[in-house]
Amino acid sequence: MGISRRSFLRRTAGVVYVAGMLSGGSVLGANDRIRVACVGLHGRGRTHMDAFSTSPDSEVVALCDVDRRVLEQRAKELQSKTRKRVKTYSDIRDVLADSEVDVVSLATPNHWHPLGTIWACQAGKDVYVEKPLSHNIWEGRQLVAAAKKYNRIVQHGTQRRCERGWIRAIEHLREGAIGEVYMARGLCFKPRGSIGTSPDSMPPEWLDWILWQGPAEERPYNSLYVHYNWHWFWLYGNGDLGNQGVHQMDVAIWGMNKGLPVRVSSTGGRFGYKDQGETPNTQICTFTYRDGTVLSFEVRGLPTNSEQGTEIGNLFYGSEGYMVEQKFYDKKGKEIRLGKTTKERPREKNDDDPFANFLKAVRSRDAADLRAPVFDGHIASAHCHLGNIAFRVGHDLQFDPETERFVGDFSDVANQFLRREYRTGFEVPQLA
């Protein structure tokens, strides 16, 4: 490895980078390609690798994964496309110590998102981080603070904010197309079968189990965790509410535009089969804001009907009608045909591409260019965490949006879920 872990932490602690400069203090020229390292390559990370390696504005210069088999396979795939052999790493800290890396794209399991992003910000790298932004609410706040403190461009992977149809629909919604909006609904009706059971065992030789766990509590290896079903264990994932659901949650809070709620309730369970999964496959959450308006969210992993023709999507209700996905209807259910909005902007090249949008902001050094900025990612992810906490506590909860802590009855229990204990060497730093 290039430098020791201790040297990395010492070198990155307190580092301040100047706006307009990339890793190593280099200034990005108009024709320079942005150099990207992709971290976490099994699922969504493959999409990151393909996007950044085919963009005219960027090139992938490094790959990182704790699974040696996946790392070698992706390196071969990339080489066959680009005719170049890139650097490969198993430890993200070695990626961050590489002065030839400007940007980190992070598609690891959820429990690594905050620490990996904060470390990257401290190392002077910009970050595209997959959803959800955080594994818990406290971590999300620290990540927002890191982006600000180290003057980094951080894009959240809720890509619907880059889609022209959704941008137009939300603008129409805010301009009163269905009157005063009083409720939003998010739907995540995605079939999820049993994951079965499996005993703990020794980790396979091709996996660095210590690094895979990272900031999470030390546990024995189990084959159910690697590579996808970690989503259904609280230690690593956030259930489907924080997996697929965070996309629809983001659209709901985007349309409602109320910030964080003051009250949350959630009920449900894991029904239909018995397996080792911990998170609910059936869940109903209700979020209430200061003005009394409501956001409801429903997860259904078992066979179900669609609602208004959609199973994974959003609905909004107003005083003069309602909206299903990007279509508007009046009080009698007749579709409303809408033209341009007052804020309509000329369509730009690759306007719907979240990776292109991120690269544009990296080049401009202006976070305002981001369609899915870090703070909005925090608000969307925090809603998912709030719903999960209410489910785990088993009671309706009151929440203070200013302090981002629970108040009132059951707050002592609920506040214990706002953050976690970290393994030595993998602590998320407190920055806010």
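The values are calculated or read from the model by the stated rules, or taken from the named source; none is laboratory data. Computed from a predicted model, the values in this text were never measured in an experiment. Here the Cβ is made from the backbone with ideal geometry for all residues, glycine too, and neighbour counts use every protein chain on show.
Values for this structure:
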read-out	value
Positions within segment 64-91 being out of contact with any strand residue (DSSP E or B) (no Cβ under 8 Å at 6 or more places or on another chain) and either over 25 Å from Pro203 (Cα atoms) or surrounded by fewer than 15 Cβ atoms within 10 Å (Cβ to Cβ) (or both), in sequence order	Arg69, Lys76, Glu77, Gln79, Ser80, Lys81, Arg83, Lys84, Arg85
Residue check, Leu260 touching a residue at least 12 places away in the same chain (Cβ under 8 Å) and under 22 Å from Glu278 (Cβ atoms)	no
Looking only at segment 389-419, and only at residues there that are under 16 Å from Ser265 (Cβ atoms) and in a strand (DSSP E or B), the one that is farthest from the chain's Cα centre (by Cα)	Val407
Matching residues, segment 130-181, being assigned to a loop (DSSP other than H, G, I, E, B) and within 18 Å of the chain's Cα centre (by Cα)	Glu130, Lys131, Pro132, Leu133, Ser134, His135, Asn136, Arg152, Ile153, Gly157, Thr158, Glu163
Matching residues in segment 293-347 - criterion: being within 26 Å of Tyr273 (Cβ to Cβ) and of a type in the set (Phe, Trp, Tyr)	Phe297
Whichever residue in segment 364-403 is in contact (Cβ under 8 Å) with a residue 24 or more places away in the chain and in contact with a Lys or Arg (Cβ under 6 Å, 6 or more places away or on another chain) and, among such residues, is surrounded by the fewest Cβ atoms within 10 Å (Cβ to Cβ)	Gln398
Top-ranked residue of segment 182-220 - restricted to ones that are in contact with a Leu (Cβ under 6 Å, 6 or more places away or on another chain) and assigned to a strand (DSSP E or B), ranked as surrounded by the most Cβ atoms within 10 Å (Cβ to Cβ)	Ala184
Enumeration of residues in segment 6-61 that are out of contact with any Gly (no Cβ under 9 Å at 6 or more places or on another chain), in a helix (DSSP H, G or I) and at pLDDT 95 or above	Gly45, Arg46, Thr47, Met49, Asp50, Ala51, Phe52, Ser53, Thr54
Test: residue in segment 267-275 that is in contact with a His (Cβ under 9 Å, 6 or more places away or on another chain), buried (at least 17 other Cβ atoms within 10 Å of the Cβ) and on the phi < 0 side of the Ramachandran plot	no
Within segment 244-285, tally of residues that are more than 23 Å from Arg405 (Cα to Cα), touching a helix residue (DSSP H, G or I) at 6+ places or on another chain (Cβ under 9 Å) and part of a loop (DSSP other than H, G, I, E, B)	7
